[in-house]
Amino acid sequence: MDSDFVRGIDRRRLLRWGGLATAGVAAAGAQLVDTPPVHADSAPTDLKAIPPDTRPGGAYDRYVAKLAAEDKFSGVVLLSHRGRTVLSRSYGMADKEKEIRNHEGVAFNLSSAGKPFGAVAILQLAQQGKVTLSDSVGTHLTGFAKEIAEKVTIHHLLSGTSGLNTPQEDLQRVFQSRDEVHEFYERWARQSELVAAPGTPTDHAGAEVAIPALIVEAVTGMTYWDYVEEHIFGRCGMTGTAFYTRPQWLTDKHIAHSYMRQADGSRVDAVRNLDKGSPDPYQLGKNPGRYFIDPPGDGGFATAPDLVRFAHALGDGTVLDRPYAELLTGAKIPLAPQGGGLAGQAAPADASFAAYMMPVNLIKGQWVNGRAGVNPGSFASWNIYPATGWVGVILGNYDDVPFPEIIQQEMQAIMG
């Protein structure tokens, strides 16, 4: 799970803000991207629909290239329009020790950018009649406090309105197996407390991610990881995306290592150096490499083209029928205006709303939705612009980057 702060920026505010770390596809009734992704080495022929700033050599391309030349960005950026790649750039090293460069086929740690997979899994089960969104936690799970079991529903969990608070994680623990990760987070979720009435907006409660994953497992008889890999990644053709384990992260040349900036100015490989932590005091020594596999409901690894495939699959019936796709992204509750540490760093949303494990946002009169995640040494963002058919992906394996500004530049290039 990603940290609460990103080098002094309040991550809770980042995750709520319209457009900088958004999460989803479109609000109810809005157009969904439904053109199948097709890779192309050159821009589509309909140049009128392709803003100059999005093209190779355009403002966005030049901006990211400058960051990379200054060693302020390492990773992949991709812009896709109606299923065709307009811009794809890769910079830096996936594994410095083995001298493996980043490229389109490299998978990056998603952190919170993978949370919508859990919401899709739940809605697949709802579509099949195996759960209803009004089911309480106790309908499917045992071992929770009575007030949680009876009063907190699946809808509350997915929409971020559970009223729950989950204890602080043990941020120094290093996990050695899938079973150990699963046992820890199952027990951790059951330690949650109801601190506000269900229906009250909750500030990034871990239980809102962990409990739906446990419900998926209880209903299907599969682990969350296996279910999502088969019924979401598999259906979408996301062949480079998975819940990889630490041994795979260490040995597979197609998985980018995460490089954390240290107090002395150096960067350290988060996977090979489990005893190292971020200098940011809010990270509390947290290291993504300490997980054997990402906790159920969170994270995973994905390539940039795979995230484009997922974006299109949300709109073409591959993973959800149209009504359930619209339910996934429909505006549920209004979110507070953006402010604080991000003020002035990007154009504010006209309006922002919570959807299921994602906000949805109106910016310049258009829906702009996606999801972002941050961890020491990595960040990920995928944004969908449904009115115009654009999908933007940013994946990186440095943590000392101007993350909000990169997303701002993507939005500026697409929206003008």
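Taking the protein heavy atoms of the range 52-415 in the context of the full set of protein chains, the accessible area attributed to carbon and sulfur is 50 percent at 1.4 Å.
In the context of the full protein assembly, Arg84 retains an accessible surface of approximately 90 Å², using a probe radius of 1.4 Å and ignoring ligands and nucleic acids.
Between the listed residues Val152, Gly92, Ala69, the Cα displaced farthest toward the positive end of the dipole of the range 52-415, a dipole computed from Cβ unit charges relative to the Cα centre, is found at Ala69. Put simply, the amide H of Ile100, placed in the peptide plane, has neighbours under 5 Å in Ala94, Asp95, leaving out anything fewer than 5 places away on its chain. Segment Met222..Ala263, full-extension length gain: 10.5 nm, with 0.36 nm per residue of separation and the alpha-carbon distance subtracted.
For the range 177-283, the alpha-carbon coordinates run over 46, 37, 25 Å along the three principal axes, in decreasing order. Under 19 Å of direct C-alpha separation, and excluding same-chain neighbours fewer than eight residues apart, Lys253 reaches these lysines: Lys96, Lys98. In the full protein context, the range 154-266 carries 41 Å² of accessible surface per residue, based on a 1.4 Å probe and ignoring ligands, DNA and RNA.
When each of the peptides 325-334, 95-104 is scored by how many other beta carbons lie within 10 Å of its residues on average, the order from highest to lowest is 325-334, 95-104. For Lys364, the aspartates and glutamates whose Cα comes closer than 12 Å to its Cα, not counting residues fewer than 8 places off in the same chain, are Asp350.
Remark: the range 52-415 carries a charge dipole of roughly 680 debye about the Cα centre, counting +1 on each Lys and Arg Cβ and -1 on each Asp and Glu Cβ.
Solvent-accessible surface of the range 348-416, taken per residue with a 1.4 Å probe and all protein chains present: 20 Å². The distance separating the Cα centre of the range 63-119 from that of the range 184-262 comes to 21 Å. Beta bridges from DSSP with both residues in the range 52-415: antiparallel share about 95 percent, rounded to the nearest 5.
The residues packed around Thr245, meaning those with a beta-carbon under 14 Å from its beta-carbon, carry a net charge of -3 if Lys and Arg are +1 and Asp and Glu are -1. Take the Cβ atoms of Gln248 and Arg62, set R0 to 30 Å, and the FRET efficiency comes out at 0.25. With each label modelled as a point 7 angstrom along the Cα→C-beta vector, the Gln127-Arg178 pair spans 2.4 nm. Listed by chain and number, the lysines whose alpha-carbon sits under 18 Å from that of Lys115, ignoring those within fewer than 8 places in the same chain, are Lys332.
Converting phi to 3J(HN,Hα) with the Karplus coefficients 6.51, -1.76 and 1.60 and the offset θ = phi - 60°, the range 57-64 yields x, x, 4, 5, 4, 5, 4, 5 Hz in sequence order, with x at every glycine or proline.
Summary value for the range 152-281: 20 percent relative contact order, contacts being C-alpha pairs under 8 angstrom separated by 6+ residues. At each listed q (0.09, 0.12 Å⁻¹), what is the log10 of I(q)/I(0) that the Debye formula gives for the range 52-415 modelled as equal alpha-carbon point scatterers? Here log10 of I(q) over I(0) equals -0.48, -0.89.
The values are calculated or read from the model by the stated rules, or taken from the named source; none is laboratory data. What you are looking at is a predicted structure, and each value in this text was computed from that prediction instead of being measured. Because the Cβ atoms are built from the backbone with ideal geometry, glycine has one as well, and the counts that use them run over all protein chains shown. To get the accessible areas, we keep the full protein, side chains included, count just its heavy atoms, and leave off ligands, DNA and RNA. Shrake-Rupley method; radii C 1.70, N 1.55, O 1.52, S 1.80 Å.
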